[in-house]
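The values are calculated or read from the model by the stated rules, or taken from the named source; none is laboratory data. Since this is a predicted model, take the numbers as computed values, not measurements. Backbone-built Cβ (ideal geometry, glycine too); neighbour counts: all protein chains shown. Accessible surface is based on the protein model in full, side chains and every heavy atom, while ligands, DNA and RNA are left aside. Shrake-Rupley method; radii C 1.70, N 1.55, O 1.52, S 1.80 Å.
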Amino acid sequence: MLAPSELLWALIGLVLTIVATWMEAFVLTGPWSWGQSGMAIFSLGVSFQVGAVLLTGCVGGKNAAVLSQIAYLILGLALFRVFDFPVFTQGGGLSYVREPGFGYLIGFVPAGWVCGYLAFKYPPKLENLALSSLSGLGIIHGLGIVYLTLASLLGWLQTVSASYWELLLGYSILPLPGHLIVVCAVAVLSLVLRQLLFY
């Protein structure tokens with residue numbers, strides 16, 4: 001049975017994932033490089049969505065992370081037609097399983113579990129939380145690539161004009177540097193939150 005704190009973190013994780021899907025990740029230039037124009041903002045080319053999954057695991061634990069991501073998938077697949085709210089980046093509904101990026105969304109569930117498991121197996125140190133988040137990111141990309149490969153080979157993708165290599169480039173290779181920066185941010189933020197929450 002889930003503890004009340006796990007249910008709370010599952011709800012927080014669900015809301016974070018939905019909101020983070022639409023929030024572009026960015027970095028600010030350091031104060032040493034501020035010129036006449038002041039500070040500059042640079043896009044990382046990814047959203048905070050993966051970061052929300054990993055943060056839920058690092059702070060809420062494995063059960064909260066898994067529950068939040070299962071709820072996210074159910075909302076996107078089954079309830080999209082009821083509320084007409086685009087939960088996933090390109091909408092939702094059952095037909096979304098034929099989108100090239102759906103495998104990455106499936107990867108959120110085991111990634112959240114592994115990240116949460118590792119984050120609470122060892123003391124909350126920056127390097128442990130970074131390793132936990134990096135492991136989760138590896139699972140997301142690994143399952144995403146496997147799903148994309150199988151979907152391409154079996155021809156079940158929706159009308160996609162891009163080649164397999166273009167899809168792989170767009171879904172895994174180009175976003176990876178931005179995701180690695182998000183992993184660093186998640187490790188720092190989760191360490192601060194765990195110290196503030198005394199666990």
| Can you spot a residue in segment 175-193 that is modelled with pLDDT of 95 or more and closer than 13 Å to Gly101 by Cα? | yes
| Given the conditions (1) closer than 13 Å to Val182 by Cα; (2) among the aliphatic types (A, V, I, L, M); (3) at pLDDT 85 or above, and given that Ala64 satisfies all but one, which numbered condition is not satisfied? | (1)
| said: Checking the condition in a helix (DSSP H, G or I), more than 25 Å from Phe42 (Cβ to Cβ) and open to solvent by 30 Å² or more (accessible area, probe 1.4 Å), which residue from Leu143, Leu189, Leu148 passes? | reply: Leu143
| field | Meets criteria (part of a helix (DSSP H, G or I) and in contact with a helix residue (DSSP H, G or I) (Cβ under 8 Å, 6 or more places away or on another chain)) for Leu105 | value | yes
| query | Being out of contact with any strand residue (DSSP E or B) (no Cβ under 7 Å at 6 or more places or on another chain) and free of Cβ contacts under 8 Å to residues at least 12 places away in the same chain, is that true of even one residue in segment 97-108? | reply | no
